[in-house]
Amino acid sequence: MGPLLEFQRLTKYYSSNAPAIDDLSFDVHDGEIVGFVGLNGAGKTTTIRIAAGVSLPTEGTVRVDGRDVVKEKAAASRSIGWVPEFPNVEPNAKALDLMLYFAGFHGITGGEARRRSEELLSTVRLGESEGKRIRTFSQGMKKRFSLALALLSDPKNLVFDEILNGLDPEGIHYMRELTAELRKGGRAVLLSSHILAEIENLSDRVVFIHKGKIVESLTTEELRSQGSAEGVLRVGIANLDENALSYLRSFGETRVEVANTVAITRFAGDPASVNAELVSRGYAVKELSYQRSSLEDYFLKLVGVTGAGGDSQQ
Amino acid sequence: MYDVKKTITSKSILLLIAVIVIISFAIIPSYNQTAASQTGANVNTFAYYDSTGYHFLAFAWNQFGQPVSGVAVQLNFTDPTGTHSGSAVTNSSGAGQASIPATGYVNASYGLDIQQPGGFGYVSGGLGFFVYTQNGSQPAAPGQAVLLYGNGAVSQVTDGQNSSRQDILVNWVAEFGQEPSGYQVDYEFVNETSGACLYCSNYQVKTLNGSGMLPLGTLDSFRQIFSAPPLEPHLEFDSIVFVEVFLPNGTGTDAYTTLPVPSLYPPPPPPVSQSQANSYAIGFFENIFGLFIPLVAIAGSYDSYGKDRVSGVLESVLVQPISRRSLSLSRYLSSFVAMAIAVLLAIGVVDLITFHYSGLFVATNVILPSAGAFMVELAAFIGIMMVLSRLLKSSGSLVGLGIGFFIIFDFFWGILLALLAFLMKIDIGSVPFIRIFVGSEFVNPAQFIALVDTYLTHSVSSVVFAFGGTLITPSDYGITVWSIAATGVLWIVIPLAAFLYLSTKRD
């Protein structure tokens, strides 16, 4: 299992000040989905744009299937698909026309180009919009269109930048299925996202980046073993009263959120038994959710901050 | 090549090509120059007297015989009882009339003042109400209209449909100011026998009784246009057409004139010479095409590269299997090829129009250097625009700076030179000034066609400085084939090299 995406001592300066990414090295192997996690401005997008060939590194290299994205750009680009955070394609073009245009770069022409384009647009639920101009698309539709473009040449490597942003639940579900398929198909996928729970679900490995440097790289299993058993329990009670609150406080620190929902942080108990107890006391439990935020906790601990933030230059 | 083909066939580029080709039709006016338009209207003022006073009618028309409104005519009649005044202004039919209450005398003298709409006017005066015939003058009868002042009852006007033809306009007033009806207008060609003059007695015309004359038409209104009669063969050079108006009963009137044949039947315009055809083409290329080429190059390169670059859309292409150099070159070439095709098509259209009007093609030694100069201008401005696309971050600044370049290099270049001459205290048109002027053609890509034209015509001209055709020896000012070629190569290579460097080495 050799590396398909190799990042070697990658550095990028946008100005003479601090580097956006600094001496960054890691690999993504075939059949591996790698989550790329960092605060805003950490350098995720810069790294992905260099891998996609749309930005130049100041130093270092990215190799795609062993080909340098700068020196062997055309060959490297043949094997990589890119979904940017904010897809930006010709707004006045019609979706299918644009697919056919880009297919031409890969030597896919004529009936084959049309068949493949229509199939992909249908897969990303844009089949009925293939004759519409891109400027009429919502952000989510643009994201799905961009995904179809990235898959057009069936590349061995894919870099997804915040691909889950702007997708509806159905789109996120599709992404879960797609990544599973890509893993099965031996594809190398680098995936950045702010939705850490999804990263945890989708990835085989997570690379943490902070202020342009790789601070940790762990498999999902390693991450789970390092994470806390604690989580956040949210309980929505229609007839919430002081007695119910008092009961819930016994599990940890509570705060009342909107619509009679109580969040218990650092919850370490059994959510099912809490539900059963509340029901037995005559409370109408309309919602109960438990989020074991090991990745989030671990990440925040790793970067030494208690919330999102950071510089932004991308 | 795939990207080149897609870019060239985009709708906006095709539209630009169409615009450039359409511009080439602007050379047609060079071959379609009509006679200089006349500044003032022709005015005839008729008058008659009766027992109620003096009455006058004024008619005004332009060079085509079309009515002119707004001409003011003021008349003063002086008779034994005093001076009597009246005025009239021509209406949309080109006619105006007025009556001046008085006793009315045949020997009243008049003073006339005509004011044209343009502001200028003229005055006249004399003894009114006398009829001038070939038998001498005689007092007019009461009610008999006489032409006090004007262009003549019979005159020549330019045909409104075909400006190379002339028509005959007859303007007459019947008794007591009535509109003529059933008046016969006859003509006769008369050879000039002595060749001495046109309007002297050498013309031995017969008695004006209509005998032997041919009908031109019937006059049924105050003012009527008749086509010139068919030209008779074997006429001498200075022959004339004699035209006279006859009353319905056949009696001649004093409405007659002689129209010179050379004037009434102007010869066809002389054929355009090869040097004229070349001159028209050079003037058109430098002043019209030269103005638009930088603009279309800026627009074309913005459309094919600039807007995609600054909006980020180009990244969706850059991620495809194409090298940065190939993508940049393909966009550069597609802009250049599209605009070059358009310019060559337009030059071809100019050549065809020249042939249509003159039967001559523009000389190859004008067409080829001009086409080459335009290719250089296109390449230079496309390259400059693409360099700017790499340096600027917004469409607004890119478009703004592109238009700014166009305005400075094309429109205000002459003014900048004038300012420079003023600061250096150099007289416009002097040798040092021409040296600066020619030098500026080397350093401005928009003036490259002017540089080539200076070489071709051995002259410099400037609309801004109102001097034209100042003859020079090009080599005295450093203009040689080699210096032009070297300048052209630099204008192509430097912007392109800068663009390729920026697009392959910088984000």
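Values in this text are rule-based calculations from the coordinates and carry no lab data. In this text the structure is predicted, and so the values were computed from the model without any measurement. Ideal geometry is used to build each Cβ from the backbone, glycine not excepted, and the neighbour counts take in all protein chains shown.
Here the Karplus relation 6.51 cos²θ - 1.76 cosθ + 1.60, evaluated at θ = phi - 60°, turns the backbone of the stretch B:265-278 into coupling constants of 10, x, x, x, x, x, x, 6, 7, 4, 5, 5, 4, 4 Hz, with x for every Gly and Pro.
Across q = 0.17, 0.21, 0.22 Å⁻¹, the stretch B:273-344 modelled as identical point scatterers on its alpha-carbon atoms has Debye log10 I(q)/I(0) values of -0.71, -0.90, -0.95, in the order of the q list. Summary value for the stretch A:231-291: 51 percent relative contact order, contacts being C-alpha pairs under 8 angstrom separated by 6+ residues. Note: relative contact order over the stretch A:72-221, using C-alpha pairs below 8 Å and six or more positions apart, is 24 percent.
Entry note: the stretch B:213-304 has Rg to Rh equal to 1.38, where both radii use alpha-carbon atoms and Rh is the Kirkwood radius. Taking the alpha carbon gyration tensor of the protein assembly as shown, multiplying each eigenvalue by 5 and rooting it gives semi-axes of 91, 36, 24 Å, largest first. Label zone (residue B:81, point 7 Å along Cα-to-C-beta; backbone nitrogen cut-off 17 Å) within the stretch B:138-152: B:142-143. Listed by chain and number, the lysines whose C-alpha is less than 19 Å from the C-alpha of residue A:12, apart from same-chain residues fewer than 8 away, are A:44, A:71, A:73, A:211, A:213, B:505.
In the distance distribution for the stretch B:42-264, Cα-Cα pairs more than 27 Å apart total 35 percent. Our Cα-only numbers for the stretch A:175-219 put the radius of gyration and Dmax at 11.4, 33 Å.
For chain A, DSSP calls about 70 percent of its internal beta bridges antiparallel.
For the pair residue B:93 and residue B:435 in one chain, pulling the backbone fully straight at 0.36 nm per residue adds 117.3 nm over the alpha carbon distance.
Taking the inverse of the mean reciprocal distance over all distinct Cα pairs, the Kirkwood hydrodynamic radius of the stretch A:123-277 comes to 19.0 Å.
Estimated translational diffusion coefficient (Stokes-Einstein, Kirkwood radius over Cα pairs, 25 °C, 0.890 mPa s) of chain A: 114 µm² per second.
Compactness ratio for the stretch A:231-291: Cα radius of gyration over 2.2 N^0.38 Å (N = residue count) comes to 0.95. Each of the chymotrypsin sites (Phe, Trp or Tyr not before Pro) that DSSP puts in a loop and that has at most 12 other Cβ atoms within 10 Å breaks chain B; the longest unbroken stretch is B:238-507. Estimated purely from DSSP H runs of n ≥ 4, each contributing -39500 (n - 2.57), the mean residue ellipticity at 222 nm for chain B is -12000 deg cm²/dmol once divided by its residues. Estimated from helical segments only, the mean residue ellipticity of chain A at 222 nm is -10500 deg cm²/dmol, where each DSSP H run of four or more residues counts as -39500 (n - 2.57).
Exposed loop sites here mean trypsin sites (Lys or Arg not before Pro) with a DSSP loop assignment and at most 15 other beta-carbon atoms within 10 Å; chain A contains its longest site-free run at A:133-280. Shape class for chain B, computed from the alpha carbon gyration tensor (a ≥ b ≥ c): prolate, with a/c not under 1.5 and a/b above b/c. For the pair residue B:287 and residue A:61, label points projected 7 Å from Cα toward Cβ lie 6.2 nm apart.
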